[in-house]
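This report refers to the structure that appears directly beneath it.
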Amino acid sequence: MRSVPRIVLFLSLVIAVAAAAALISTRATRSGASVDAHQWLHDQLRLSREQDEKLAPAEKRFLAQRAKLVAEIRAANRDLAAAIQKEGKWGPAVEAAIERGSRAQGELQRLTVRHCLEISDYLTPEQAKRFLQLTSEALSREAD
Ligand SMILES: [Zn+2]
């Protein structure tokens, strides 16, 4: 019987992580101040120094990959602007630029979900609970 609440917690966490990832990746592309949503979540979790140290390599990888994808999304937006100017209507270049941007957005979302799941491996049950709460709060704010 003890395993039931853990499974429920885990499933809720997975759902929350996916939602948080969507939120974080949306914010990441909307403005340059994107690092803050991700950083905010980390700060709120109050990770111990030990957890921080264990997470550091994953964190470094995530930030580097995210920077690449954000640059790719910006490049796709520049492509789109140029294509609209050049074609003046819906055409293959416009379509290609949108496709490029969508691909990068999808990759960013995947990367973020993976990163969140990576973090959840290092959380205590209390932190996992807090993580859920923060996510639902953030999403409720975003939905207003
Ligand atoms: Zn992180």
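No value in this document is a laboratory result; all are computed from the given coordinates. Here the structure is a predicted model, which is why all the values come from computation and not from measurement. Cβ atoms come from the backbone with ideal geometry, glycine included; neighbour counts cover every protein chain shown.
Could you list, in sequence order, all residues of the stretch 59-93 that are away from the ligand (no atom under 16 Å from the Cβ), buried (at least 16 other Cβ atoms within 10 Å of the Cβ) and of a type in the set (Lys, Arg)? Passing the criteria: none in range. Within the stretch 110-127, which residues are away from the ligand (no atom under 15 Å from the Cβ) and in contact (Cβ under 8 Å) with a residue 60 or more places away in the chain? Listed by number, the list holds a single entry, PRO125.
Let's see how each residue does on (1) surrounded by fewer than 16 Cβ atoms within 10 Å (Cβ to Cβ); (2) in contact with a Phe, Trp or Tyr (Cβ under 9 Å, 6 or more places away or on another chain):
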| residue | (1), (2) |
| --- | --- |
| SER48 | yes, no |
| ALA96 | yes, no |
| GLU99 | yes, no |
| GLU107 | no, no |
| GLU118 | yes, yes |
| LEU123 | no, yes |
| ARG141 | yes, no |
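Working only within the stretch 59-107, note down all residues that are within 30 Å of ASP121 (Cβ to Cβ) and more than 19 Å from the chain's Cα centre (by Cα). Let's see the steps before the verdict.
Of all residues in the stretch 59-107, those within 30 Å of ASP121 (Cβ to Cβ) come to 59-73, 102-107.
Within the stretch 59-107, no residue meets the criteria.
Tallying residues that are within 19 Å of the chain's Cα centre (by Cα) and more than 19 Å from VAL113 (Cβ to Cβ) within the stretch 48-58 yields 2.
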